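Every number here is computed from the coordinates shown, using simple stated rules; none is lab data. What you are looking at is a predicted structure, and each value in this text was computed from that prediction instead of being measured. Reconstructed Cβ throughout: ideal geometry from the backbone, glycine too, with neighbour counts over all protein chains shown.
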Amino acid sequence: MKTSRTLELVLTAGLVIVLAMTLYSNWRLRRMLADTNAALHEKNSGPRALAPGDRLPPVAGLEVPARESWLVVIDPACGTCEQVVREVNSLQRDDLTVVALQRPGSTAPVPRLRAGVPLLEIRRGTQPQFTRRIQAVPRVFRLAPGGVIRAVCGSLAECGAT
């Protein structure tokens, strides 16, 4: 009788151990599957949009600021970008730079900016480290010294430039 009770306890303990190992193995497999799916999604979805904490990618003709500044990205064919251009022209700041992203084949004229506002014209598809990470316009980037993005906004007012 004592032997059957001992056997029962040993079998129960063995069953608990096998169940625990199965659960752990299942958890590990699920984590590996989740990590693999995340990596595949990142690879297939292309570059992510520029976000706070990112460093501004190198752009030919654009200097990395040594002080806080604002980078305004527009598309000359974009109707809502006109409001941001009016905002740029109304501010008397020397720490603004405007990048006009032109779509290939676009003939839209680049907007007129007030004197002293640097304008850089870039065709989409060129300088892909930058252009592929701009997923919507208008975009205003508040930049810390050294080109680290502090904020991404839809207008200068949202980014605290007014």
Practice item. Can you put Trp70, Trp27 in order of Cβ neighbours within 10 angstrom, beginning with the fewest? Key: Trp27, Trp70
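Which value in deg cm²/dmol, rounded to the nearest 500, describes the helix-derived mean residue ellipticity at 222 nm for the chain, given -39,500 (n - 2.57) per DSSP H run of n ≥ 4 and division by the residue count?
Details: 3 runs with 58 residues, N = 162.
About -12500 deg cm²/dmol.
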Exercise for review: Along Cα→Cβ, 7 Å out, is where each label goes; now give me the distance between the ones at Leu7 and Leu40 in nm to one decimal.
Suggested key: 4.8
Review point. Short version: ³J(HN,Hα) in whole Hz for each residue of region 150-162, in order, from phi by Karplus 6.51 cos²θ - 1.76 cosθ + 1.60 (θ = phi - 60°), x for Gly and Pro, what are they?
Key: 8, 8, 10, 9, x, 8, 5, 4, 4, 8, x, 8, 8
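Using the number of other C-beta atoms within 10 angstrom as an exposure proxy, rank Asp75, Asp54 with the fewest first. Can you show the working numbers first?
On the way: Asp75 21, Asp54 15.
Listed from fewest to most nearby Cβ atoms, that is Asp54, Asp75.
Quick one: of the DSSP bridges fully inside the chain, what percent are antiparallel, nearest 5?
Percentage antiparallel, nearest 5: 50.
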Check your understanding: What's the exposure ranking of Ile74, Ile134, going from fewest to most Cβ atoms within 10 Å?
Key -> Ile134, Ile74
Practice item. May I ask you to order 138-147, 105-114, 88-97, 17-26 by the average number of other C-beta atoms within 10 Å around their residues, highest value first? Key: 138-147, 88-97, 105-114, 17-26
Point to revise | Cα long-axis angle, helix 81-90 against the chain (0 to 90 degrees, to the nearest 10) | key: 60
Review point. Considering only Val16, Val140, Val152, whose Cα is most displaced toward the positive end of the charge dipole of region 15-162, charges sitting on Cβ of Lys, Arg (+1) and Asp, Glu (-1)?
Key: Val16
Check your understanding: To the nearest 10 degrees, how steep is helix 2-45 against the longest Cα principal axis of the chain, on a 0 to 90 scale?
Key -> 20
Check your understanding: If you take the charge dipole of region 74-126 about its Cα centre, with +1 on Lys and Arg Cβ and -1 on Asp and Glu Cβ, which of Val99, Asn89, Gly125 is farthest toward its positive end?
Key -> Gly125
Practice item. Give, rounded to the nearest 20 debye, the magnitude of the charge dipole that the chain has about its Cα centre when Lys and Arg contribute +1 at Cβ and Asp and Glu contribute -1 at Cβ. Key: 520
